[in-house]
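Q: To start, I am sharing the structure in question, which I have written as structure tokens.
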Amino acid sequence: MGEMQIREDARAWQSGMAKNITFIVTKDCQLACKYCYLVGKNVKERMSWETAKTFIDYVLSHEDDFPEESVIWDFIGGEPFLEIDLIDMICDYLKQRMFELNHHWFNSYRFSFSTNGINYHEPKVQKFIEKNREHLSIGITIDGTEKKHDLNRVYKITERGSYKDVVRNIPLWLKQFPGGGTKVTISSADIPYITESVLHLYSLGIHEVNINVVFEDVWQEGDDKKFEEQLLSLADAIIDGGYYQDYACSFFTEQLGKPLDPVYDNNNWCGAGRMLSVDAAGNLYPCTRFAQYSLREKNAWIIGNIKDGIDKNKLRPFLTLDRITQSNSECLNCEIASGCAWCQGENYDAADTPTVFQRATAICKMHKARVRANNYYWNKLYRKLELEGKREEFEKNKKESNPTIC
Amino acid sequence: MLEYLIIQLDDTSTSYCHYEIGAKEHKLMPLETLKAGIRFGMLENLMIQFVYPDYKLPDDYAAAIESIDHNKIVSSLCEDEALKAEADVMIFHEWTGLSLAQLDEKKSYVLRTAKADLFDRYLFLKDVISKVMRLNIVITDVETFTEEDFEKYKQILHILSEHIEKAYVAGKSPQFNILTDRMMLEKMNNCGAGISNITLAPNGKFYICPAFYYENEEDCVGNLENGLDIKNPQLYKLDYAPICRHCDAYQCKRCIWLNRKTTLEVNTPSHEQCVVAHLERNASREMLENIRKHGSFMPQIEIKEIDYLDPFDVREHWDEELLQQELIKYHQENY
């Protein structure tokens, strides 16, 4: 019961009522993951306390510009826990100022982390978790089996796999965050390991696996076929093994693969522009993906800085973006369009001109493969449940995966 | 559809719009490039608009230019008096020159002005409007408008509209872009850069408009050898401008260059550009109503009363259905 409560809370926080504000506290990381989109990581750009404080003062003193009911203070890197001292100061100051200002976000806030988990056990991190436990969400990224994980998630310089240093912290993390989900990223080389990796994560006690293919154009000829085969095998394993009752995998969702109405399903997929990020230089971005360290081809999309505030003109494109205006006709006429995601930052980086109005379509074949496997999954699962007389009960209690895509 | 080719004859060709030519030195378009540009215009069936520098061109250039039907855009500061007499559009960059000029009632003029000068000297425009066929005002720092500036501009438009109203009642038809254009229009009539017109620079390369050339020469969209190569061409079209496609400030220049400068996207106008255009729209509406008090006038034109100055502010209420059907149709025809 307690676990279910946490899951529902998590969804509520992601329902769009909360403002997501991200501190890029460092652009350094212990790892050099091969699929990482952060092409400009470095050890120099660490946020100072002065920058963080000025940013907080700016945000909290412009309450009218941030009407959202709640806030998620997000910390990202590189690896955010490399800057645990700074983060602790930031969180203390946020709590203090939200209280002093009687800000509408006081008691309606969360601190959120996506970590590689390597120093999760360290005393400073644990002390921070203890102090902020009631307002904390932490996701540890583990990609699956040791082989799959170490294929990509390797230490910089030595290129040693990081699996063992992460997996040792999983029990502690799950004890502290029993509903914790992990984020798995699939690139071309990872495809053969999908099934065993998801099952491995389930075996570690992780009940929610949020798994995505990368948006970048990395796919090889035939990857879609291999991907489909892996997903079919995963579908069989989840259904035959009964995992569908207590575990979730974001690859399989009933909303996937339906046509989208051009008028009523015209929303932008991505939340860029509704979020706010700040980096060590004090520059503000519509999302972390628009900071220079995330971009291969384009210039950073800076929407302001901590001294002058947000230039609202530079947010206008994001707040008026819709699906039709940025999609090509193949996407518009696609009969399995629902659930086909995009990242606004990757769209911008891959576009022929510096625009967010050109949708990248590198994942098209992979989405189609996923839809076919998804159809198979639900057809097989529902037939099994019907034969067992359990479909109604399942539909009443079924768990849904986290729709987060980035 | 492309209709116009703008040829910048020299790097110092006069600015006729929001952009500044900056510190460019004389660099005349090579004669062969000019001839190739004219040939391109003929082959593509484009009306050519030549933008002149302030010095007299060599005779062989004049001969090439006269080989094709065209318009001449010339600065009031041009040394070539004969050329000025032939100009189709004359550009003034400051108010004193305009006050001293011999104005021709059959000609169109452009006054490029900073907002501060406009706010100080706008009453002088009454006289100019009465003496010319058409006067276009280009506010060169529109992106710097503040709330206080908006209020001043609103008052200025109101005062000038009273003057124009009297002229119409007296049977005249002055054309003054910021007040009379909207009451003549039933659909968007924007600058059209990248859609109805394209610019050929002295280096033989094409640009969306001269401003793009002056900002960054690398920002070209093709050249005379290989033709036009406009990436994401749909983004210059009205249907692909989420704010503008909901707007009825039809007289707005919808400046693509200012859009990119202020919002980083060619299809998204700034708040300032939208509010200025709506102040003009509303002043035109008021003026139209006042003219109609004297008798029937332009009955087919309807400018609705609205309660916003920036369509972005009412985006939650946009009626998307019809527009999206148009978009889908466009997609099917063009992709």
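Laboratory data are not the source of any read-out in this text; all were calculated from the coordinates shown. Nothing here was measured: the structure is a model prediction, and the numbers come from that model. Cβ: placed from backbone, ideal geometry, glycine included. Neighbour counts: every protein chain shown.
Q: Among A:H104, A:H207, A:H62, which one shows the highest mean-square fluctuation when chain A is modelled as a Gaussian network with alpha-carbon springs under 10 Å?
A: Residue with maximal mean-square fluctuation among A:H104, A:H207, A:H62: A:H62.
Q: Can you tally the net charge around B:C220? Count Lys and Arg as +1, Asp and Glu as -1, for every other residue whose Cβ sits under 9 Å from the Cβ of B:C220.
A: Working: positive: B:K205; negative: B:E217, B:E218, B:D219, B:D229.
Value of the local net charge: -3.
Q: What do the square roots of 5 times the Cα gyration tensor eigenvalues come to for chain A, in whole Å, largest first, as semi-axes of the equivalent ellipsoid?
A: Details: eigenvalues 213, 130, 97 Å².
The three semi-axes for chain A are 33, 25, 22 Å.
Q: Round to a whole angstrom and tell me the spacing of the C-alpha centers of segment B:33-74 and segment A:159-193.
A: Rounded to whole Å, the Cα centres lie 67 Å apart.
Q: Give me the extension gain from B:D319 to B:N71: residue separation times 0.36 nm, minus the current Cα-Cα distance, reported in nm with one decimal.
A: Residue separation times 0.36 nm, minus the Cα-Cα distance, leaves 85.3 nm.
Q: Would you work out which of B:L43, B:W95, B:S130 lies farthest towards the positive end of the dipole of segment B:4-190, given +1 charges on the beta-carbon of Lys and Arg and -1 on that of Asp and Glu, about the Cα centre?
A: Farthest towards the positive pole: B:S130.
Q: Within segment A:331-380, report the trypsin sites (Lys or Arg not before Pro) that DSSP leaves as loop and that have at most 14 other Cβ atoms within 10 Å.
A: The qualifying sites: there are none.
Q: Find how much the distance from A:M17 to A:E50 grows on full extension, using 0.36 nm per residue of separation minus their present alpha carbon separation; answer in nm with one decimal.
A: 9.0 nm
Q: Can you pull out the trypsin sites (Lys or Arg not before Pro) in segment A:133-195 whose DSSP state is coil and whose Cβ has at most 16 other Cβ atoms within 10 Å?
A: Those satisfying the criteria are A:K156, A:R160, A:R168.
Q: A further question follows. Anyone know which of B:G295, B:G227, B:G37 comes out most mobile in the 10 Å Cα GNM of chain B?
A: Taking springs between Cα atoms under 10 Å, the residue moving most is B:G295.
Q: Right, next: Divide by every residue of chain B the summed helix terms, -39500 (n - 2.57) for each DSSP H run of at least 4, and state the resulting mean residue ellipticity at 222 nm, rounded to the nearest 500 deg cm²/dmol. Present the calculation step by step, with values, prior to reporting the outcome.
A: Numbers: 12 runs with 128 residues, N = 335.
Per the formula, -11500 deg cm²/dmol.
Q: Quick check: pseudo-label points 7 Å beyond the Cα along Cα→Cβ at B:N189 and A:K307, how many nm apart are they?
A: 4.6
Q: Continuing with the same structure: What does the average come to when, for each residue of peptide B:241-247, you count the partner chain Cβ atoms lying within 10 Å of its Cβ?
A: For peptide B:241-247, the averaged partner shielding equals 3.
Q: In addition: Please state the shape class of chain B: rounded when a/c is under 1.5, otherwise prolate if a/b exceeds b/c and oblate if not, all from the C-alpha gyration tensor.
A: Numbers: a/c = 1.78, a/b = 1.19, b/c = 1.49.
Judged from the Cα gyration tensor, chain B comes out oblate (a/c at least 1.5, b/c at or above a/b).
Q: Something else about it: Calculated FRET efficiency, B:E3 and B:E217, Cβ-Cβ r, R0 35 Å, to nearest 0.05?
A: Taking R0 as 35 Å, the efficiency between B:E3 and B:E217 is 0.90.
Q: Could you tell me whether segment A:265-305 comes out rounded, prolate or oblate from its Cα gyration tensor? Rule is a ≥ b ≥ c as square roots of the eigenvalues, rounded for a/c under 1.5, then prolate if a/b exceeds b/c, otherwise oblate.
A: It comes out oblate by the Cα gyration axes.
Q: Also: For a quick check: sort A:S338, A:S162, B:S99 by the number of other beta carbons within 10 angstrom, fewest at the front.
A: B:S99, A:S338, A:S162
Q: At a 10 Å Cβ-Cβ cut-off, how would you order B:F206, B:F176, fewest neighbours first?
A: Working: B:F206 25, B:F176 21.
Placing the least packed residue first, the sequence is B:F176, B:F206.
Q: Assigning unit charges at the beta carbon (Lys, Arg +1; Asp, Glu -1) and nothing else, what dipole magnitude in debye, to the nearest 20, does segment B:4-190 show about its Cα centre?
A: Using only the charged Cβ atoms, the result is roughly 580 debye.
Q: Where does each of B:D120, A:D64 land when they are ranked from fewest to most other beta-carbon atoms within 10 angstrom? It would help to have the intermediate numbers written out before the result.
A: Working: B:D120 12, A:D64 6.
Arranged by neighbour count, lowest to highest, B:D120, A:D64 become A:D64, B:D120.
Q: Here is a follow-up. With a/c under 1.5 counting as rounded, go ahead and sort segment B:4-190 into rounded, prolate or oblate using the C-alpha gyration tensor (a ≥ b ≥ c being the square roots of the eigenvalues; past the cut-off, prolate if a/b is larger than b/c, else oblate).
A: It comes out prolate by the Cα gyration axes.
Q: At most 12 other C-beta atoms within 10 Å and a DSSP loop state: those are the exposed GluC sites (Glu not before Pro) I care about. Give me the longest piece of chain B that has none.
A: Longest gap between qualifying sites, sites excluded: B:106-185.
Q: Let me ask something additional. Rank B:S76, B:Y19, A:S277 by how far each Cα sits towards the positive end of the charge dipole of the protein assembly as shown (+1 on Lys, Arg Cβ; -1 on Asp, Glu Cβ) and give me just the farthest.
A: A:S277
Q: Testing the spin-label approximation: label points 7 Å from Cα along Cα→Cβ at A:K225 and B:Y55. State their distance in nm.
A: Each label point is offset 7 Å from its Cα along the Cβ direction, giving 6.8 nm.
Q: Sticking with this one: Rank B:M42, B:M287, B:M29 by mean-square fluctuation in a GNM of chain B with C-alpha springs under 10 angstrom and give only the top-ranked residue.
A: B:M42
Q: Still on this structure: Modelled label-to-label distance, B:E305 and A:E393, 7 Å Cα→beta-carbon offset: nm?
A: 6.5
Q: May I ask you to derive the relative contact order of segment B:4-190, considering only C-alpha pairs under 8 Å and at least 6 residues apart, and to give it as an integer percent?
A: Relative contact order, segment B:4-190: 16 percent.
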